[in-house]
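Undergrad: Pasting a structure below so you can have a look.
The values are calculated or read from the model by the stated rules, or taken from the named source; none is laboratory data. Computed from a predicted structure; not experimentally measured. Glycine also receives a Cβ, built like all others from the backbone with ideal geometry; neighbour counts cover every protein chain displayed. The accessibility values were calculated without ligands, DNA or RNA, using every heavy atom of the protein model including side chains. Shrake-Rupley method; radii C 1.70, N 1.55, O 1.52, S 1.80 Å.
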Amino acid sequence: MSKTASYRKQHEELLSFTKKIAPLLNEGDVKDNAAEIYALLSELIGRLVVHLTMEDNVLYPDMMKSSDKGTRDLATKFSAEMGGLRKTIKDFSTTWGVEAIRRSPVDFCRDCDKVFAALTKRIEAEDALLYHLYDKLP
């Protein structure tokens, strides 16, 4: 089993939540299903926080100890970029409670689409670049 197997599994789980929520992201469904959407988002965000913490505490420090400058630089870049995604997720989660979702479904859908796009882009980059290098570390 690769060192990144659990990280990759977490990515699959995170994306499965976005796929459960995405079909509900239209004005009528959002109003009617705000509590369900909020519950799914809460679980997604909770799992994401655990995932990010694991990366911060294990993956990035391991990579930054590498003798390979390219590996260290990539880990530093990804770690620094993660601060922006963390802030986006935090702002999103504090802005959108059940009542806020019901009051502003169009804005919620727009914000949700942005967060999902940023998360998907990040996951794709980690899977393609970062995890490949981490698996090669001794």
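Undergrad: As a test of understanding, state the convex hull volume per residue of the stretch 51-130 from its alpha carbons, in Å³.
TA: Convex hull volume per residue, Cα atoms: 80 Å³.
Undergrad: Specify the residue with the greatest mean-square fluctuation among Ala34, Ala128, Ala118, computed from a Gaussian network of the chain linking alpha-carbon atoms under 10 Å apart.
TA: Largest GNM mean-square fluctuation: Ala128.
Undergrad: Starting from 0.36 nm per residue, how many nanometres of slack lie between Thr88 and Val106 once their C-alpha separation is accounted for?
TA: Numbers: separation 18, 0.36 × 18 = 6.48 nm, distance 1.83 nm.
Here the segment from Thr88 to Val106 would lengthen by 4.7 nm.
Undergrad: Next question. Please report the carbon-and-sulfur percent of the accessible area for the chain; probe 1.4 Å, protein heavy atoms only, DNA, RNA and ligands left out.
TA: That fraction is 57 percent.
Undergrad: Express in % the proportion of alpha carbon pairs of the chain at distances exceeding 25 Å.
TA: Working: 3009 of 9453 pairs.
Tail of the P(r) past 25 Å holds 32 percent of the pairs.
Undergrad: Tell me what the chain gives for mean residue ellipticity at 222 nm when only DSSP H runs of n ≥ 4 count, each as -39,500 (n - 2.57), the sum divided by the residue total, rounded to 500 deg cm²/dmol.
TA: Per the formula, -25500 deg cm²/dmol.
Undergrad: So, one more: Please work out how much length the chain gains when fully extended from Leu137 to Ala35, using 0.36 nm per residue of separation minus the C-alpha to C-alpha distance, in nm with one decimal.
TA: Using 0.36 nm per residue and subtracting the Cα-Cα distance, I get 32.4 nm.
Undergrad: Over the alpha carbons of the stretch 90-138, what is the largest minus smallest coordinate on each principal axis, giving the biggest first in Å?
TA: Rounded to whole Å, the extents work out to 51, 16, 12 Å.
Undergrad: Next question. Which of these, Thr71, Thr120, Thr94, has the largest mean-square fluctuation under a Gaussian network model of the chain (Cα springs below 10 Å)?
TA: Most flexible of the set in this elastic network: Thr94.
Undergrad: For Asp68 and Ser42, FRET efficiency with R0 = 25 Å and r from the beta-carbon atoms, rounded to 0.05? Before the final figure, lay out each step's value.
TA: Numbers: r = 39 Å, r/R0 = 1.56.
After rounding to 0.05, the efficiency reads 0.05.
Undergrad: May I pose another question? Quick one: go through the stretch 43-62 and flag any residue whose amide nitrogen is under 18 Å from the point 7 Å out along the Cα-to-Cβ line of Met1.
TA: Counting only backbone N, you get 51, 54-55, 58-59.
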